[in-house]
Amino acid sequence: MSDAETPTDDAPRDFIRDIVHADLEAGSVSGIVTRFPPEPNGYLHIGHAKSICLNFGLAHDFGGRCHLRFDDTNPLKEEMEYIDSIQEDVRWLGFDWGEHLFHTSDYFEQLYQWAEVLISDGKAYVDDLSADEIREYRGTLKEPGRSSPFRDRPAEENLDLFRKMRTGEFADGEKVLRARIDMASGNINMRDPVLYRILRGHHPRTGDQWCVYPTYDFAHGQSDAIESITHSVCTLEFEGHRPLYDWLIENLPVPTQPHQYEFARLELTHTVLSKRKLIHLVRDGHVAGWDDPRLPTLSGLRRRGVPAAAIRDFAARIGVSKSNSVHEIALLEHCVRENLNKAAERRMAVLDPLKVVIENYPDCETEILEAVNNPEDESAGTRNVPFSREIWIERSDFMEDPPKKFFRLGPGREVRLRWAYFITCTDVIKDPSGEIVELRCTYDPATKGGQAPDGRKVKGTIHWVSAPHALDAEVRLYDHLFARPDPGAEGDWLDDLAPHSLEIRHGCKLEPDLATFEPGRTLQFERQGYFVADPDSTVDTPVFNRTIGLRDSWAKIQKKAGGK
RNA sequence: UGGGGCGUAGCCAAGUGGUUAAGGCACCGGUUUUUGGUACCGGCAUUCGGAGGUUCGAGUCCUCCCGCCCCAGCCA
């Protein structure tokens, strides 16, 4: 057994890996080959990421390979745009298919030939029944189906008809090719499933070369066999198709014998993962596009600032099983915070500015203070932060009549300005309407850097930005797309869209060096959360997206106090 | 009431008949802290959907029952 096959303590363990391990040990396969087979009819989302991590992870863990295969058997739904975005997303997630990029459409000729084999063997026939009639004849869940009057057509006639289907002698939907299996099967998928249909759509890769297209059932397993896939891993809803998958592999002269295994697809709270619903959100303008940072699409998560490594970690933690389960989005958020805590440099940003004038600080003077970039990573170094007489602080960091548990600024109270000085509030200035417009404070020159030589302690540390040096920015505060964990559980799912999933703040005050942050770079705004520079940024106004807020135990305390 | 699956804590999830039912998230306490962040420590299932049975011994085996999910596209 090679190292790659030896499970280690931190290697993920699940029933699929157990099967692979057993297969390798028993010698039923000599190496493993998996595949990720998306249909290019939409953008990839975090549910696909689970499958990608599983398939590529399996290949990696057991020293095999994983193919990227576009399952492009339906020209009516598939587009080049999706083929491109899918490759970009898989790469971004951190996986590499090397030379192994395939398309089911690469196999159309072979698949067609195998269909003829089935016909010659009397195991498939051309049916003239309409779609509606086929449905009627199929029976129901509790009643067996009935045979089509065309079921016993001689092989020669079927072959002739099928060839004519290919050469375009029939209209769309006029005829189909069906497997001849068992119309009385308890498994409806075995009641003579359709193998080929006539479709005159322009295929993104084969153009107008074909007018007959294989169905998923006829294409998938055979494509697996062509590519020597050993473990064809798919989601639970295909479980009932496995007997058909096996039947086709057994009845066709395919080069290898792949096997299908099924696992539960990912479900997440506070969002939707169905392609239909995601398309609806995009097309109806509920979000700004496929890469809207509120969407669970990989492009949306990327723009939101979620690191690929956090998604991989999430996939590893949720495991792989066969029970339908809904994961709390809090676990994903935990993975994001854990990753970013180590990786993101810190900066100060004031999102809801309140002016503070430090009365005993010399006018027109600017000091350069040193701030640590990341206390979790010494190699991130330090930076210079300008300090002056007028600064901005967060409005929520001041209370005129604070409760005793409030550690921030209040009249007569002293706090530490992060990396700067202790200041004490001496006066509160209000406008005629009574709104606080400015604070007057004094600072203690001896506390430079944030330490008092006399050893006196201060309960709170707040962030700030020097007013004359501040950079004005737009900050987009994102929250869960859906207010309830299970959108649509009661009533229309669209009614559960959270009313404030995006709050845009203008005139936020940032440390000056943030002007040059390239889009996609993540950072932490101290005491607030993780943010990422958005591609909408311009030279004049940088734009930052909130990826996720920091844990906020003060908010929890307040909530508890208020809830009494 | 055809066929196929699944039921272990609030949410996931190990467990493959033999000491006190892993682990993570969430939650609740506490320690540390120049982020009310992080880190660290502690707490959190006398019981595995239910009832019987087999066994010296059952979450694991058997029987029955209950609940949930998937399948009646010429979608994948």
Task: Amide H within-cut-off set for A:PHE70, under 5 Å, with H built and near neighbours excluded - done: A:PHE102, A:HIS103, A:THR104
TODO: For a quick protection proxy, order the peptides A:416-423, A:389-396, A:322-329, A:293-300 by their average other-Cβ count within 10 Å, most packed first.
DONE: A:293-300, A:416-423, A:389-396, A:322-329
Task: In degrees, nearest ten, helix A:308-318 long axis to first principal axis of chain A (Cα) - done: 70 degrees
Open item on the list: 5 Å is the cut-off here: which amide hydrogens, built 1.01 Å from N in the peptide plane, fall below it relative to A:VAL233, excluding neighbours closer than 5 in sequence?
Closed with: A:ARG35, A:TYR261
- [ ] Evaluate the distance, in nm, between pseudo-label points positioned 7 Å from the Cα of A:ASN41 and of A:ASP246 along their respective Cα→Cβ axes.
- [x] 2.8 nm
- [ ] Compute the distance in nm between two label points, each set 7 Å from the Cα along the Cα-to-Cβ direction, one at A:SER30 and one at A:LYS277.
- [x] 4.7 nm
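Given an 8 Å cut-off on Cα distances and at least 6 residues of separation, report the relative contact order of chain A as a percent.
Numbers: 1084 pairs, mean separation 62.4, N = 564.
11 percent.
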Task: A:ARG151/A:LEU236 FRET efficiency (R0 51 Å; Cβ-Cβ; nearest 0.05) - done: 0.95
- [ ] About the Cα centre of region A:418-564, how large is the charge dipole given +1 on each Lys and Arg Cβ and -1 on each Asp and Glu Cβ? Please answer in debye to the nearest 20.
- [x] 1060 debye
- [ ] List nothing, just return the count: lysine pairs in region A:3-265, 8 or more apart or interchain, with Cα separation under 24 Å.
- [x] 5
- [ ] Obtain the nm distance between the two label points defined at A:ASP486 and A:HIS506 by a simple spin-label model: each point lies 7 Å from its Cα along the Cα-to-C-beta direction.
- [x] 4.2 nm
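Take the Cβ-Cβ distance between A:GLU267 and A:ARG163 as r, set R0 to 60 Å, and report the resulting FRET efficiency rounded to the nearest 0.05.
Values: r = 45 Å, r/R0 = 0.75.
After rounding, the FRET efficiency stands at 0.85.
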TODO: Name the residues whose placed amide hydrogens come within less than 5 Å of the amide hydrogen of A:CYS508, ignoring near sequence neighbours (fewer than 5 apart) on the same chain.
DONE: A:ALA473, A:VAL475
Task: In degrees, nearest ten, helix A:155-166 long axis to first principal axis of chain A (Cα) - done: 40 degrees
Task: Spin-label zone in region A:292-308 - amide nitrogen under 15 Å from a point set 7 Å from the Cα of A:GLU338 along the C-beta vector - done: A:307-308
Task: region A:45-196 - percent relative contact order, Cα under 8 Å, separation 6 or more - done: 19 percent
- [ ] Output the relative contact order of region A:3-265, whole-number percent, from Cα pairs under 8 angstrom with separation of 6+ residues.
- [x] 18 percent
- [ ] Apply the Karplus parameterisation 6.51 cos²θ - 1.76 cosθ + 1.60, with θ equal to phi minus 60°, to every residue of region A:36-50 and state each ³J(HN,Hα) to the nearest whole Hz, in sequence, with x for glycine and proline.
- [x] 10, x, x, 8, x, 10, x, 8, 6, 10, 5, x, 5, 4, 4
Task: Cα shape, region A:274-347, gyration tensor, a/c 1.5 rule - done: oblate
Task: Using θ = phi - 60° and Karplus 6.51 cos²θ - 1.76 cosθ + 1.60, couplings along region A:240-248 (whole Hz; Gly, Pro as x) - done: x, 8, 4, x, 6, 4, 5, 4, 5
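For region A:349-463, just say rounded, prolate or oblate: build the C-alpha gyration tensor, square-root its eigenvalues into a ≥ b ≥ c, call rounded for a/c under 1.5, and beyond that prolate if a/b exceeds b/c, oblate if not. Walk me through the numbers on the way to the answer.
On the way: a/c = 1.61, a/b = 1.50, b/c = 1.08.
Verdict is prolate for region A:349-463.
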TODO: Mind checking which of A:ALA371, A:CYS335, A:ASN360 is farthest towards the positive end of region A:324-399's charge dipole, using Cβ charges of +1 (Lys, Arg) and -1 (Asp, Glu) about the Cα centre?
DONE: A:CYS335
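Given +1 on the Cβ of Lys and Arg, -1 on the Cβ of Asp and Glu, and no further charges, what dipole in debye does region A:349-463 carry about its Cα centre, rounded to the nearest 20? Present the calculation step by step, with values, prior to reporting the outcome.
Details: 16 positive and 21 negative charges, 91 e Å.
Here region A:349-463 has a charge dipole of around 440 debye.
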- [ ] With a/c under 1.5 counting as rounded, go ahead and sort region A:493-564 into rounded, prolate or oblate using the C-alpha gyration tensor (a ≥ b ≥ c being the square roots of the eigenvalues; past the cut-off, prolate if a/b is larger than b/c, else oblate).
- [x] oblate
Task: With Cα atoms, 0 to 90° folded angle of helix A:553-563 axis to chain A main axis - done: 90 degrees
Task: Loop-resident sites, region A:193-263, for trypsin sites (Lys or Arg not before Pro), counting at most 10 other Cβ within 10 Å (DSSP) - done: none
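Multiply the residue gap between A:ARG317 and A:GLU133 by 0.36 nm, knock off their C-alpha separation, and tell me the result in nm, one decimal place. Before the final figure, lay out the partial values.
Working: separation 184, 0.36 × 184 = 66.24 nm, distance 4.74 nm.
Here the segment from A:ARG317 to A:GLU133 would lengthen by 61.5 nm.
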TODO: Mind giving me the FRET efficiency for A:ARG395 and A:LEU331? R0 is 30 Å, r the Cβ-Cβ distance, nearest 0.05 is fine.
DONE: 0.40
Task: Under the Karplus curve 6.51 cos²θ - 1.76 cosθ + 1.60, θ = phi - 60°, whole-Hz ³J(HN,Hα) for region A:343-355, x wherever Gly or Pro sits - done: 9, 8, 6, 9, 9, 10, 8, 10, 8, 9, x, 10, 6
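About its Cα centre, what dipole magnitude does chain A give when the only charges are +1 on Lys and Arg Cβ and -1 on Asp and Glu Cβ, stated in debye to the nearest 20? Spell out each step's value before the answer.
Working: 70 positive and 95 negative charges, 351 e Å.
My answer is approximately 1680 debye.
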Open item on the list: Test of understanding: what is the full-extension gain from A:ASP427 to A:ILE188, defined as 0.36 nm times their sequence separation minus their Cα-Cα distance?
Closed with: 78.2 nm
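A short reminder: the numbers here are calculations on the coordinates, not readings from a lab. On a predicted model such as this, the values are computed, not experimentally measured, just so you know. When we count neighbours, we look across all protein chains shown, and the Cβ atoms used for this are built from the backbone with ideal geometry, even at glycine.
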